[in-house]
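Take a look at the structure below.
The values are calculated or read from the model by the stated rules, or taken from the named source; none is laboratory data. Quantities reported herein were computed from a predicted structural model and do not represent experimental measurements. Please note: Cβ atoms are built from the backbone with ideal geometry, for glycine as well, and neighbour counts cover all protein chains shown. Ligands, DNA and RNA are stripped out before the accessible areas are found, and what is left, the full protein with its side chains, is counted by its heavy atoms. Shrake-Rupley method; radii C 1.70, N 1.55, O 1.52, S 1.80 Å.
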Amino acid sequence: MNYWPLLGVAVVVAGFALRRNPVLVVVAAGLVSGFAAGKSVGDILALLGTSFVSNRALLLFALTLPVIGVLERAGLREHARAWIESLRGLTLARLLIAYLGLRQVLSMLGLTNVAGHAQTVRPLLAPMSEAAAEKRHGALDHAERQRVRALAAATDNVGLFFGEDVFVALGGVLLIQGFYAQHGIELTPLHIALWALPTAIAAFLIHGVRIVAFQRRMQRAVRAPAEAADAAD
């Protein structure tokens, strides 16, 4: 067996360790592996071109980060915080529970890529959650701010994970169907999706309770110093 093509892996590791341009590192690794495998320059270029064309849909996700970066530079996070501060009746629990329900419903319809950590949580949901928490509990310290951000990210995870299995055409549902078929249990994707629905409802209720409990802990943490000061007076 020829192990020389694995030199491309070493090129990738070394390039990222030296913090070089990722595109150049990947292309260089491809060239090294290609030459080590005995490929000609034409064959390597043809392989790179074929891989680029067959995976061009991935560029849509690659464009997400620079687009969000431009929006954040234009004040997206600040506008999101200001909008939340203008809504008097909105609390952290109401915001996250509403997002959880929306995320689950969209995932049940197969729209799993409509929201997510990169395109929704970091630029929108996290600053909106911080603004909602500060509106009721005052300025947050660093640790509390990180907990609010983590809860916002967890809400997105729960909504996606327990909502997507209700969509019959999802790869995970087909994987479950294939697993049971190997063990002699025949299930249709519709049956799997219907059985996933009670789990999604239970996940919504359980995580909703966790969000409310988190908000109440924040309220107690804010009241404790005030009550201690009143007792001292």
- [ ] Considering the options Gly116, Gly172, Gly159, tell which one lies farthest towards the positive end of the dipole of the chain, charges being +1 on Lys and Arg and -1 on Asp and Glu at the Cβ, about the Cα centre.
- [x] Gly116
Task: Per-pair calculated FRET efficiency, R0 = 25 Å: Thr50 and Val105 via Cβ, rounded to 0.05 - done: 0.05
TODO: Express in nm, to one decimal, how much length is gained between Leu175 and Arg94 on full extension, taking 0.36 nm for each residue of separation and deducting their alpha carbon distance.
DONE: 25.7 nm
Task: Equivalent ellipsoid semi-axes, region 61-225, via Cα gyration tensor eigenvalues times 5, rooted, Å - done: 34, 20, 12
TODO: Compute the long axis of helix 76-85 from its Cα atoms, compare it with the longest principal axis of the Cα atoms of the chain, and write down the angle in degrees, 0 to 90, nearest 10.
DONE: 20
Task: Helical contribution to [θ] at 222 nm, DSSP H n ≥ 4, -39,500 (n - 2.57), averaged over the chain, rounded to 500 - done: -24500 deg cm²/dmol
TODO: Measure off 7 Å from each Cα along the Cα-to-Cβ vector at Asn113 and Ala153, then give the distance between these two points in nanometres to one decimal.
DONE: 2.2
- [ ] Roll a 1.4 Å probe over the protein heavy atoms and report the accessible area of Glu134 in Å², nearest 10.
- [x] 40
Open item on the list: What figure, in Å² to the nearest 10, do you get for the accessible area of Val114 with a 1.4 Å probe and non-protein molecules left out?
Closed with: 90
TODO: Find how much the distance from Val26 to His79 grows on full extension, using 0.36 nm per residue of separation minus their present alpha carbon separation; answer in nm with one decimal.
DONE: 15.3 nm
- [ ] With the full set of protein chains in place, find how many percent of the accessible area of the chain is carbon and sulfur; take the probe as 1.4 Å.
- [x] 68
TODO: State the volume of the convex hull built on the alpha-carbon positions of region 13-144, expressed per residue in Å³ and rounded to an integer.
DONE: 165
TODO: Could you grab the relative contact order for region 61-225? Cα pairs under 8 Å, six or more apart, rounded to a whole percent.
DONE: 27
Task: Order by protection proxy (mean Cβ within 10 Å, highest first), peptides 204-210, 31-37, 136-142, 126-132 - done: 126-132, 31-37, 204-210, 136-142
Open item on the list: At 1.4 Å probe radius, can you tell me the per residue accessible area of the chain in Å²?
Closed with: 64
Open item on the list: About the Cα centre, and with charges only on the beta carbon of Lys, Arg (+1) and Asp, Glu (-1), how big is the dipole of the chain? Nearest 20 debye, please.
Closed with: 360
Open item on the list: As an exercise, use a Förster radius of 25 Å and the Cβ-Cβ distance of Arg145 and Thr64 to find the FRET efficiency, rounded to the nearest 0.05.
Closed with: 0.55
